[in-house]
Amino acid sequence: MLRPVSDDARDDNVLPFAVAPLDLRGRVVRLGASIDEILARHEYPPPVARVVGEAAALTVLLGSALKFDGRLQLQTKSDGVIDMIVVDFDAPDRLRAFARFDEARLAEGGPDLLGRGHLALTLEQGGDLKRYQGIVPLEGQGLEEAAHRYFRQSEQIPTFVRLAVAESIKGAQASWRAGGLMVQFLPAAPERQADLPPGDAPAGAHVPEETENDAWVEAKMLASTIEDHELVDPNLSSERLLYRLFHERGVRVFTPQEIRAECRCSRERIAAMLKRFSPEERAEMVGDNGKIGVTCEFCSTYREFDPEELK
């Protein structure tokens, strides 16, 4: 059913969409208060905040496709200024993130924030179901290219990703925003389905040259016209953005999904974790006030425990 394009610009949601003539599926994510809350808790310097915002937007783009109450975790480990990032997306809507970085190297102005290492995407389905993990190398490229490499190697689904983060300043008030677009080529027609790469072919075997489908070439060309400011513009709705990109082909949107910043830590969870340490190990954790203090890496919440209650 056709209807006018909505200009209701909403933050902290994911809008799924499809472009049927191009066999295209995708999602747009817009993060406002949720990513600002996550970044404000840690007071990251702007270069670090931007990378964490990109990682959060990418994780939401991927995790919001889950059809069950599982968890998708994005984690990077590298020799860069930011040597670790962890983002958790608990389906259907909970997001949390933190990063570890070298303040001294950041102050020196090193451009290689992510460095060389790896990016891991881990899917936990809960219960006794199997956990899946895909790993791609980080070789100085950004998160967008790492995502493209992941889909080429692990999923073998033609995928295009764009990420953007910006700090919005109104008067004395500053806040962070993040946005992302992901499109995937999922053809139903046999004539559009390309053969997968043959892997390690025997010596002398003829390996046909890979060619991209015309529909996917067009889809990437249209998606690549998006500008950073469009992904983070608080006055531009996700529907209007998709209309700008794909109106000539026709785009269909589906029910949006809300996103919120929420940590899963609790006093009970942390107490259970501390009880797994030996009495000797817990004794070494006791501070000058006679308490064991624990700060959650994700939400920066500080909690104190009496050693007696952990026996």
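Structure notes:
- Top-ranked residue in region 234-261 [being closer than 15 Å to Gly32 by Cβ and assigned to a loop (DSSP other than H, G, I, E, B); ranked as nearest to the chain's Cα centre (by Cα)]: Ile259
- For region 23-33, the set of residues classified as among the hydrophobic types (A, V, I, L, M, F, W, C) and either touching a Lys or Arg at 6+ places or on another chain (Cβ under 9 Å) or not assigned by TED's automatic domain parsing to the domain that holds Pro92 (or both) consists of Leu24, Leu31, Ala33, listed by residue number.
- In region 236-248, the residues that are buried (at least 22 other Cβ atoms within 10 Å of the Cβ) reach residues that are assigned to a loop (DSSP other than H, G, I, E, B) and basic (Lys, Arg) with C-beta atoms within less than 9 angstrom, at least six apart or across chains, in these pairs: Ser238/Arg10.
- Top-ranked residue in region 97-123 [being assigned to a loop (DSSP other than H, G, I, E, B) and of a type outside the set (Gly, Ala, Ser); ranked as nearest to Gly63 (Cα to Cα)]: Leu114
- Check on Asp36, assigned by TED's automatic domain parsing to the domain that holds Ala219 and closer than 16 Å to Arg177 by Cβ: yes
- Of residues in region 5-24 being under 30 Å from Cys263 (Cα atoms) and part of a strand (DSSP E or B), the one farthest from the chain's Cα centre (by Cα): Phe17
- The set of residues from region 210-232 being of a type in the set (D, E, K, R) and under 17 Å from Val14 (Cβ atoms) comprises just one member, Glu230.
- Taking (1) modelled with pLDDT under 95; (2) in contact with an Asp or Glu (Cβ under 7 Å, 6 or more places away or on another chain); (3) aliphatic (A, V, I, L, M) in turn, Leu143 satisfies each apart from (1).
The values are calculated or read from the model by the stated rules, or taken from the named source; none is laboratory data. This one's a predicted model, so the numbers in the text were calculated from it and none came from an experiment. Don't worry about glycine lacking a Cβ; one is built from the backbone with ideal geometry, like all the others, and counts go over all protein chains shown.
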